[in-house]
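Everything below concerns the one structure shown next.
The values are calculated or read from the model by the stated rules, or taken from the named source; none is laboratory data. These numbers come from a predicted model, not from an experiment. Backbone-built Cβ (ideal geometry, glycine too); neighbour counts: all protein chains shown.
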Amino acid sequence: MQGEREEQKAVELSERELTCLVANIYHEARGEDDLGQAAVAWVTLNRVRHPDYPDTICEVVMQDSQFSWFSDGRSDHMTDLPAIEKAVNIALAVSRGEIMDPTGGSLHYYAHKNVKPAWAKSGFRFILGQHTFVRLAEK
């Protein structure tokens, strides 16, 4: 798929899957603009489609040591109502195929102000908002 975009079809989400996607957008990219939040949503969906990751959004989000907010020991309760509403709208727009994947199929990202992971030294990197997205070479 290098050099071409995979057709991006609508994804039907159960209420539980939507809740997990919204929580990931909220906790990972609450301060980002629409495109930054969509990019986080797309990385989540890209992982669901990839054979090296679990098959559901909730399993991807809850996978050990993948998203810092899920295992940081802090409350995962969402309290910022406008941010929740925005995350819901982004999750729905992405799932409907209304926002195309700005990450080009990336499976990874990191907050570039906090960390520089060793795994991110290879592959195609680009910055979108507060995150650096990484598309690693296919095996």
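With respect to the conditions (1) part of a helix (DSSP H, G or I); (2) surrounded by 17 or more Cβ atoms within 10 Å (Cβ to Cβ); (3) modelled with pLDDT of 65 or more; (4) not aromatic (Phe, Trp, Tyr), Ala120 falls short on a single one, namely (3). Taking the condition crowded, with 18+ Cβ neighbours inside 10 Å, in contact with a helix residue (DSSP H, G or I) (Cβ under 7 Å, 6 or more places away or on another chain) and over 20 Å from Tyr110 (Cβ atoms), does Leu21 pass? Here the answer is no, as Leu21 does not meet what is asked.
Listed by first and then second residue, the pairs with beta-carbon distance under 8 Å, at least 6 apart or on different chains, first residue in region 94-111 and in contact (Cβ under 8 Å) with a residue 12 or more places away in the chain and of a type in the set (Phe, Trp, Tyr), second part of a loop (DSSP other than H, G, I, E, B) and surrounded by 20 or more Cβ atoms within 10 Å (Cβ to Cβ), are Tyr109/Thr103.
Among the residues of region 48-83 satisfying the criterion of being of a type in the set (S, T, N, Q) and at pLDDT 80 or above, which is surrounded by the most Cβ atoms within 10 Å (Cβ to Cβ)?
Result: Gln66.
Considering Asn114, Asn89, the condition of being modelled with pLDDT of 95 or more, surrounded by fewer than 19 Cβ atoms within 10 Å (Cβ to Cβ) and either part of a loop (DSSP other than H, G, I, E, B) or among the polar types (S, T, N, Q) (or both) is satisfied by Asn89 alone. Assessment of region 73-91 against the conditions (within 12 Å of the chain's Cα centre (by Cα) and free of Cβ contacts under 8 Å to residues at least 40 places away in the same chain) yields no matching residue.
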